[in-house]
Amino acid sequence: MRRWRAANSLLLALGLGGGAAAQANLMPEHAEAEIGVASAVRLHGDDRVTQKALYFKAALEHSWDSGYYKARGRVRYDFRYDGNSPYSREARDDYRFSADWRELYWGHYVGDGELTAGWQQVVWGRADELRVLDQINPIDYREGLTALLEDSRIAVPMLRFTQPLGEWELEALWTTQFIKNQLPAEGSEFDAPLFARPDPSQFALVSKPGYDGADGFGYGLSANGRVGRLDLSVVALNARQQDPVYAVRGVTDDGLLALERQFPRYTMLGSGLAYDAGHSVVIRSEVAYFDHWRVSNPYRTYGSDQSPMLKALLGVDYLWRNWLISVQWQEQQLLDWQQGMLQDRREHLFTLSGEGNHFQDRLKTRLVLAMSPPAGDDLLLQGIFTYKPVDWLKLGLEVDVFAGRQDRPFGEYDQRDQVRLSAGYLF
């Protein structure tokens, strides 16, 4: 709830701070909300009901001559954590009740440009649910690896300035607070070896109690424009790694290896392009180079390892009738990989997806096949269906099927196939 109070204070200060805004009526000119229920059922094992939630979402917008504000928030209460629950106390404390701002920011027009301040989400990439250039906002993994980025991306407080320049748009941003990726709570439904913490029987964490990473800023630049049929972007970012790196600090008196949790700073340079090849075909590509990337290595005598990292993506989109078909290939590679690093030298991910609108856009369908080849080692099949029989009712269905080896990301959830259901009232 501290984030809600702080965000309210920020919006009030920003909205009332400017002369024009102070004279404007700040009551929203556009408001919408949704209240509903959501449930999830595991298809295997005991205690199959994994979610019994009540949720509320709201969005507010208002504009005046010199600026505007936008606010989107979400509140969730999960009754699955009441009474007898198979999950841990940590999971209950984190997930029984939660509230967050999806966006909360104020905008001010500066000539042809625009300055925004507050909690924002920044999308630099063109990839379908894959993160190559989109490194600014951390991710909440409370629902594992399957949640859409729209639902799992965490808003970050920042100042952001955009300025058109001919056929191009220039952007500069400054994040004022470091926020790390939110791993699944220990003992929760989606806790898995992929998110493992150091084993306390072998390692001792010497980080300060409650340490979540040093408060720090990040800054980035981007330029986006068109050259004929080519849509081009160039980006640069200096920020902290959002997953912890464990640096060796020696041996304790009990003979345990002492580790310190760190969130090191890195620099990313990247580029993205999209080419309209005609005949309803678009070719997309992204590449990002990460300098000073740190990796945990428990076999070191002291510290952690460092290696430049390269991430690249190639995608093809094809519009067929009411369907957008996307094929994507992503590769991540450590250029100076060393034995003992707790990150693979190379990681591949292939996705095939289709998104369609039917019945005058009342039914939206998303079908996904994702795998780290070969498919038998790591596979996800996902279907997401959203249906609005009337304007005030939204029904949701999601099916997730996992397969693969136990040491691979999707394979770790083998036998945890699930079905999610939701029903929301829109007003």
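The values are calculated or read from the model by the stated rules, or taken from the named source; none is laboratory data. All values derive from a computational prediction rather than experimental measurement. In this analysis, Cβ positions are derived from the backbone assuming ideal geometry, glycine residues included, and neighbour counts consider all displayed protein chains.
Odds and ends about this structure:
- Look at (1) surrounded by 15 or more Cβ atoms within 10 Å (Cβ to Cβ); (2) at positive phi; (3) among the aromatic types (Phe, Trp, Tyr) and you find that Phe359 fails only one, number (1).
- In the set (1) buried (at least 17 other Cβ atoms within 10 Å of the Cβ); (2) in the same structural domain as Val206 (by TED's automatic domain parsing), Gln332 fails one condition alone, (2).
- Candidates Ala288, Ala247, Ala312, Ala258 - the one that is among the small types (Gly, Ala, Ser), within 29 Å of Leu221 (Cβ to Cβ) and either without any contact (Cβ under 8 Å) to a residue 60 or more places away in the chain or assigned by TED's automatic domain parsing to the domain that holds Ile136 (or both): Ala288
- Scanning segment 336-347 for residues that are among the aliphatic types (A, V, I, L, M) and farther than 27 Å from Leu273 by Cβ turns up at least one hit.
- Here Gly376, Gly340, Gly383 are screened, and the one residue that is outside the structural domain of Ser296 (by TED's automatic domain parsing), in contact (Cβ under 8 Å) with a residue 24 or more places away in the chain and on the phi < 0 side of the Ramachandran plot is Gly376.
- Just one of the listed residues (Pro184, Pro157) is assigned to a strand (DSSP E or B), crowded, with 20+ Cβ neighbours inside 10 Å, touching a Phe, Trp or Tyr at 6+ places or on another chain (Cβ under 9 Å) and not hydrophobic (A, V, I, L, M, F, W, C), and it is Pro157.
- One residue from Leu369, Leu379, Leu319, Leu352 being closer than 30 Å to Gly36 by Cβ, assigned to a strand (DSSP E or B) and among the hydrophobic types (A, V, I, L, M, F, W, C): Leu369
- Scanning segment 126-154 for residues that are touching a residue at least 12 places away in the same chain (Cβ under 8 Å) and either touching a Gly at 6+ places or on another chain (Cβ under 6 Å) or not in a loop (DSSP other than H, G, I, E, B) (or both) yields a total of 9.
Residue by residue, here is whether (1) in a helix (DSSP H, G or I); (2) surrounded by 13 or more Cβ atoms within 10 Å (Cβ to Cβ); (3) more than 23 Å from the chain's Cα centre (by Cα) holds:
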{"residue": "Ala31", "(1), (2), (3)": "no, yes, yes"}
{"residue": "Glu34", "(1), (2), (3)": "no, yes, no"}
{"residue": "Val41", "(1), (2), (3)": "no, yes, yes"}
{"residue": "Gly45", "(1), (2), (3)": "no, no, yes"}
{"residue": "Leu54", "(1), (2), (3)": "no, yes, no"}
{"residue": "Leu60", "(1), (2), (3)": "no, yes, no"}
{"residue": "Ala71", "(1), (2), (3)": "no, yes, no"}
{"residue": "Arg74", "(1), (2), (3)": "no, yes, no"}
{"residue": "Tyr77", "(1), (2), (3)": "no, yes, no"}
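- Yes/no for Ser152 being closer than 15 Å to Gln135 by Cα and crowded, with 17+ Cβ neighbours inside 10 Å: yes
- Test result for Ala99, within 19 Å of Ile35 (Cβ to Cβ) and either among the polar types (S, T, N, Q) or not assigned by TED's automatic domain parsing to the domain that holds Ala31 (or both): yes
- Test: residue in segment 335-343 that is in a strand (DSSP E or B) and touching a strand residue (DSSP E or B) at 6+ places or on another chain (Cβ under 8 Å): no
- Answer residue from segment 160-181, given it is part of a loop (DSSP other than H, G, I, E, B) and in contact with a Lys or Arg (Cβ under 6 Å, 6 or more places away or on another chain) and is nearest to Arg89 (Cα to Cα) among those: Phe178
- Exclusive hit being among the charged types (D, E, K, R), assigned by TED's automatic domain parsing to the domain that holds Ser285 and closer than 24 Å to Thr267 by Cα, set Asp191, Asp199, Asp151, Asp128: Asp128
- In segment 94-124, residue surrounded by the fewest Cβ atoms within 10 Å (Cβ to Cβ) [restricted to those that are among the small types (Gly, Ala, Ser) and part of a strand (DSSP E or B)]: Ala99
- Candidate set from segment 393-427 (those that are out of contact with any Pro (no Cβ under 8 Å at 6 or more places or on another chain) and part of a helix (DSSP H, G or I)); member that is surrounded by the fewest Cβ atoms within 10 Å (Cβ to Cβ): Gly411
- Taking each residue of segment 61-73 that is in the same structural domain as Pro28 (by TED's automatic domain parsing) and among the polar types (S, T, N, Q) and looking for partners that are crowded, with 19+ Cβ neighbours inside 10 Å and modelled with pLDDT under 95 with beta-carbon atoms closer than 8 Å, six or more apart or interchain, yields Ser66/Ala21.
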